[in-house]
2 protein chains.
Amino acid sequence: MLKRREKSERLPAAARRAQLIEVGRAVFAKKGFEATSVEEIAEQAKISKPIVYEHFGGKEGLYAVIVDREVEHIVGRIVEAVATGSARERLERAVIAYLSYVKERPDGFAVLLRDAPSAAPRGEMPALMYDLADKVGDIFTQQFRDAGYDAKAAPIYAHALVGMVAFVGQWWTETRRPPPAEVVAAHVGALAWMGLRHLPKKPTLQK
Amino acid sequence: MLKRREKSERLPAAARRAQLIEVGRAVFAKKGFEATSVEEIAEQAKISKPIVYEHFGGKEGLYAVIVDREVEHIVGRIVEAVATGSARERLERAVIAYLSYVKERPDGFAVLLRDAPSAAPRGEMPALMYDLADKVGDIFTQQFRDAGYDAKAAPIYAHALVGMVAFVGQWWTETRRPPPAEVVAAHVGALAWMGLRHLPKKPTLQK
DNA sequence: ACAGTAGCTTACGTCAGCGTAGGTTTGAGG
DNA sequence: CCTCAAACCTACGCTGACGTAAGCTACTGT
């Protein structure tokens with residue numbers, strides 16, 4: 001019963017690099033940064049450990065590359081989605097962009113969600129979301145001011161909106177027989193839009 | 001320059017246990033489960049490592065106790081909040097309960113938020129939230145059916161709602177000069193309520 | 001045919017961190 | 001004063017995982 005690595009093709013550097021990124025993404029997604037060992041990634045890629053060091057300098061290096069790529073991916077999609085159209089269209093297209101990212105790259109999504117290395121307070125994804133919400137908050141603040149609402153409440157609504165999308169996205173990936181992204185986006189868009197349109201000038205607690 | 005532990009009081013077992021839970025919560029909150037060492041907890045508590053093992057059997061043991069307590073805390077508060085009142089009152093009181101938990105026990109909150117040990121797909125908090133959203137989804141499904149809306153969309157709204165609260169809560173703990181919990185709850189309540197009340201029977205994508 | 005290089009391997013040094021064995025201090029009660 | 005138990009400590013064994021040294025293999029071009 002001796003453990004033998006199946007022999008695998010020799011690959012040119014670029015291809016090996018690409019493969020390691022793929023494999024690494026999968027493993028980091030499944031176990032998180034801390035719990036992942038370089039050995040395991042090497043094993044999955046059917047090569048030996050030093051190769052990983054050759055290409056990425058170590059665990060953090062590989063991780064950084066993976067995260068960077070994923071951030072590019074998702075930010076790119078969302079930026080593209082909100083480039084044109086009415087405010088509500090932009091919202092709904094952003095939701096669709098987010099959902100399709102999440103569906104198409106579940107491992108990347110998981111990596112972004114998880115704890116980053118070195119005791120970071122949150123994963124990359126929550127951090128991105130938070131920043132995004134802050135930006136949305138700035139826009140809302142202006143709009144609220146113009147419309148005579150309490151501008152100090154704008155960040156609340158901005159974070160609520162982003163949180164809504166983030167959470168629905170998570171549900172959407174995990175539920176069996178998920179509805180099409182467009183349907184989800186339409187519902188989320190409706191909820192947000194109707195909610196925001198019908199806000200009282202000064203909300204007060206019930207009872 | 002020799003490193004010497006300041007001598008500390010001897011404590012009866014119960015008190016030491018309590019102290020270790022406090023200290024452990026703080027350290028786990030700051031570094032996450034994997035990155036925390038038993039040594040560090042012992043050091044912070046001004047005792048030596050084996051004491052931790054005596055009381056909790058190890059890192060996982062201590063962690064489990066801490067998480068369990070926090071879950072009790074937050075679930076208890078929310079259950080109490082939704083015990084009575086109109087639907088909207090319950091919602092707003094649940095938000096207040098959540099926010100005050102988050103504010104009063106930031107370390108506990110952080111522990112629940114972070115990755116659990118052993119490659120769990122998410123932290124305890126997201127898991128709790130997800131379960132909660134599923135429950136809300138069941139309620140919504142019934143309501144939607146009665147009101148002639150598409151019942152299949154109910155989970156979307158339920159998760160949206162919970163996500164909204166979760167995310168706003170996170171923002172609220174981290175923002176400087178946060179508004180009072182009641183104000184936040186009123187805004188979130190208004191957004192959700194107005195949004196849900198004015199939903200079209202069949203939302204469709206804009207454009 | 002053979003040199004040179006890209007791709008890869010085995011084997012190791014090192015260290016952090018878990019968990020434990022066994023002994024030491026402190027104080028309370030007879 | 002002596003016993004005994006609770007609280008605590010020092011010191012160690014061991015594993016897993018990072019990162020590196022040194023050398024092997026197979027392809028490519030002349």
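From the phi of every residue in the range A:109-116, what ³J(HN,Hα) in whole Hz does the Karplus formula 6.51 cos²θ - 1.76 cosθ + 1.60 yield, where θ is phi - 60° and glycine or proline is x?
4, 4, 4, 5, 6, 6, 4, 7
Under 13 Å between alpha carbons: how many lysine pairs meet that in chain A, if sequence neighbours fewer than 8 apart on the same chain are excluded?
Step by step, the pairs that qualify in chain A add up to 5.
Put a point 7 Å out from Cα along the line to Cβ at A:Ser86; what are the distances to that point in the other copies, in nm, shortest first?
3.1
Using a label position 7 Å from Cα in the Cα→Cβ direction, what is the ascending list of nm distances from B:Arg10 to the same site in the other copies?
Distances to the matching label points in the other copies: 6.9 nm.
Taking only C-alpha pairs under 8 Å that are 6+ residues apart, what is the relative contact order of chain B in percent? Write down the numbers at each step before the final one.
On the way: 185 pairs, mean separation 36.2, N = 207.
Contact order relative to length: 17 percent.
If we hang a label 7 Å off Cα along the beta carbon direction at A:Lys202, how far is it from the matching labels on the other copies, in nm, shortest first?
Output for A:Lys202: 4.2 nm, nearest copy listed first.
Read the figures in this text as sums done on the coordinates, not as results from a lab. All values reported here derive from a predicted model rather than from experimental measurement. All Cβ positions, glycine included, derive from the backbone under ideal geometry; neighbour counts span all protein chains shown.
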